[in-house]
Ligand SMILES: NC(=O)c1ccc[n+]([C@@H]2O[C@H](COP(=O)([O-])OP(=O)(O)OC[C@H]3O[C@@H](n4cnc5c(N)ncnc54)[C@H](OP(=O)(O)O)[C@@H]3O)[C@@H](O)[C@H]2O)c1
C-alpha cells in the first residue's frame, strides 16, 4: 500500500557513509526518533555487544558465452552450500542479453539450459558446466573447472559486483566492501555494515561495549523473477568464531544487549541459538568456532532468542528484508515506522538511510541468572 | 629447496609463527622470497604477490604458498589481491601478518630530483606509499580480526636507510620510504587499540637484484644475504606478537 504522504526514494550514489545519512530509531517504548546516522554509536550502552558480518562481496556477476547456442548470458552467482574457497559449485541465476541499466525484471530470457552445457567466461580460461537446472529455467547449479586458485584469480579479473539499475555508475568492489570485509562469500553486500568505520568501532569500545564479527554468505536480494523472488532468502551458510559466541553468552548473562548490524547477523545468530550452537560446548571438548547453514525464514511469529536491536537499511514493505522486521515489531507499530520512513523521505537500498529497531526478546535464550549491571 | 609439507613432527618448541596467516608482497625475489621461504619453514600459511606470472607460479610451486599475480601500485588490483587472500590464507576471516615489501627504486639509473620526471616520482609513491596504504586498508578487517583473537597482528612495512638519510640521487625512493615510515608510525598509534601493530623496519643492505640496479657493480660478496635479514625481521614480528595485549 502506498503511504498517503511522502515516499521512499532509491539511493543512487554509491557512497557508504554519505554526510547526510539519517537513522530512524524505534525504542522499546515505541518512540520513533530521526537522528543523523553518524551519531549511531551514541545509542550503544556500556555492556552491549555489537555484531557485524565480515563477509566480503563477491564479484558475482560474470559475462559468459553459452557454448551450445553461442549466445551471451550473464551469470549471477546466488548461493553456495559452504563457505569453503575450494567449493566451486554455485547456484546461479542466468539473465539474457542486456546490462544493469535494464531493470532485472525487463531483461531478456537466457537461452534454454540443459545439464552438461558449458558456459565459457571470455578473456579467461575459466568455464563452468551446468550440473542441473533447478526448479526454474533461469536457476541452475554450476560447477567451475580448474583449481581453486585459478578460479579465484579468474573471478577477480572477470567478475563484477552485481550492479543495480538504481545506481547509474558502475560499482567496483571497493564500493561494496565494508571496512571490515574479509572472506569473499557474500553474493550481495551486507550493506547494513556500510555505516561502520574504524572511528565507530573505537567509539563502541570507548563506550564500554564490545565489537565482534561473524561471517554470513548474504545471498541475492532480488532476481527480477517473481517466482524465484518468492523463494528468497535462499539458505545461507555462516560461521561464528569462538570469540563471538563467547561474547554473546557473556553479554546475555550480564543483561547487555546484542546489537546486530544487518539482517544477515540476525539470521545467523538466531539460527545458531535455535540449534543450540551458541551454548558453551567447551566442557564437551568441542571447538567453539562452528559453521552451519541458516535456512529459516524470519518474520512475524518468529521467536527471537538472541538479538535485541537490529540496525538495518531502509526496506520497502513486501521485500524479504522488510519481512524480517516483523520478527522485531508487531504489525501496527511497523506500519507506523513505515509511514514515518516514507514521511521523512528515507532513501532505500544499499546506499540509503538506516533504521535502529529495539525490541524486547520474547523468549530469553539464556535462562542463567543475570548479574548486576 | 622444496617444501611440500610443513614439518610438524618436532613438537619440542613450535616456531612462534607456526600456523600464522601471512601475506607478503614482492615474494618472488630478494627479501620477499626469503620471507616467503622462512615463513613456510616456520609453519605459516602464506600468500604472496608479484607482477611476473611465470615467477609467481614457480615460487608457488616451490614453497606451497598461494601466488597472486598483481601490481601493488595499481589501484584496480588491490581488491583483487584481497579477494585471493580471502579465498586462501584469509578464509577464516583473520590475518596475522602483512609484509609490504614490494618496492620501486624510482627511475634508474638513480638521478637528482631536478632530473626526475614528475611521473617517475608519482610511480615511486604509487608503489612504495599508496600501494602499502591501500593494501593495508583493504585487509584491515581481517588484520583487526586477527588482533582481536589474542595476539596482536602485525603490518610490517619494509623501509630503508634512505627514509632518513638525505642521499643524493635517491630522491623518489627516499621520499616515498620516508612517507611510508611516517604513515606506519601514525597507523601504529591509531590501530594499537584494534590489536594491530604497524612496524617500519630497515632490513639493511642485501645482495638482491634491486641492490644491483641501484648500485651496479657493488662487491656482492661483501653484502649480507636476504635470508639473514628475513630472519631478523621475522624475529621482530614474533617479539611483537608475543606481547600480550593489555
Ligand atoms: N636490497 C637492499 O639492499 C635493500 C636495502 C634497504 C631496503 N630494501 C627494501 O627491501 C625490500 C625488498 O627489496 P629487494 O632488494 O628484495 O628487491 P627485489 O629483489 O627487486 O625484489 C622485489 C620484489 O617485488 C616485486 N615487485 C616489485 N614491484 C612490484 C609491484 N609494483 N607490485 C607487486 N610486486 C612488485 C618483484 O617482482 P615483479 O618484478 O615480478 O613484480 C620482486 O618479487 C624493498 O622494500 C626495498 O626497498 C632493500
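Two numbers describe the Cα atoms of the range A:198-274: Rg and Dmax, which are 15.3, 47 Å. Diffusion coefficient of the range A:61-158 by Stokes-Einstein, Kirkwood radius over Cα pairs, 25 °C, 0.890 mPa s: 181 µm²/s.
Against the main long axis of the alpha-carbon atoms of chain B, helix B:30-41 sits at an angle near 10°. When peptides A:309-316, B:223-230, B:160-167 are ranked by their average number of other Cβ atoms within 10 Å per residue, the highest-first order is A:309-316, B:223-230, B:160-167.
Every helix of 4 or more DSSP H residues in the protein assembly as shown counts as -39500 (n - 2.57), and over all residues that averages to -8500 deg cm²/dmol at 222 nm. Compared with the dominant Cα axis of chain A, that is its longest principal axis, helix A:331-343 is turned about 70°.
Packing-based ranking of B:174-181, A:253-260 yields B:174-181, A:253-260, ordered from highest to lowest mean Cβ neighbour count within 10 Å. Maximal additional length on extending the residue A:316-residue A:97 stretch stands at 76.0 nm, based on 0.36 nm per residue less the C-alpha distance. Measuring nothing but how far apart in sequence close Cα pairs (under 8 Å, 6+ apart) lie, relative to its length, chain A scores a relative contact order of 24 percent.
Every Cα-Cα pair in the range A:3-78 was counted, and those over 21 Å apart are 61% of them. The alpha carbons of the range B:140-246 occupy a box of 48, 26, 19 Å along the principal axes, longest dimension given first. The length gained on full extension between residue A:169 and residue A:147, counted as 0.36 nm times the residue separation minus their Cα-Cα distance, comes to 4.6 nm. Axis angle, to the nearest 10 degrees, between helix A:263-274 and the longest C-alpha principal axis of chain A: 70 degrees. The mean number of Cβ atoms from other chains found within 10 Å of a Cβ in peptide A:148-159 is 5, as a whole number. Highest mean first, the peptides B:15-27, A:201-213 sorted by other C-beta atoms within 10 Å per residue fall in the order B:15-27, A:201-213. Across peptide B:136-148, the average count of Cβ atoms from other chains found within 10 Å of a residue's Cβ is 5.
Dividing the convex hull volume of the alpha carbon atoms of chain A by its residue count gives 141 Å³ per residue.
Considering only Cα atoms, the convex hull volume of chain B works out to 129 Å³ per residue.
Here, each number is a calculation from the coordinates, and none is a lab measurement. Here the structure is a predicted model, which means the values were calculated and not measured. Glycine gets a Cβ as well: all are built from the backbone with ideal geometry, and neighbour counts include every protein chain shown.
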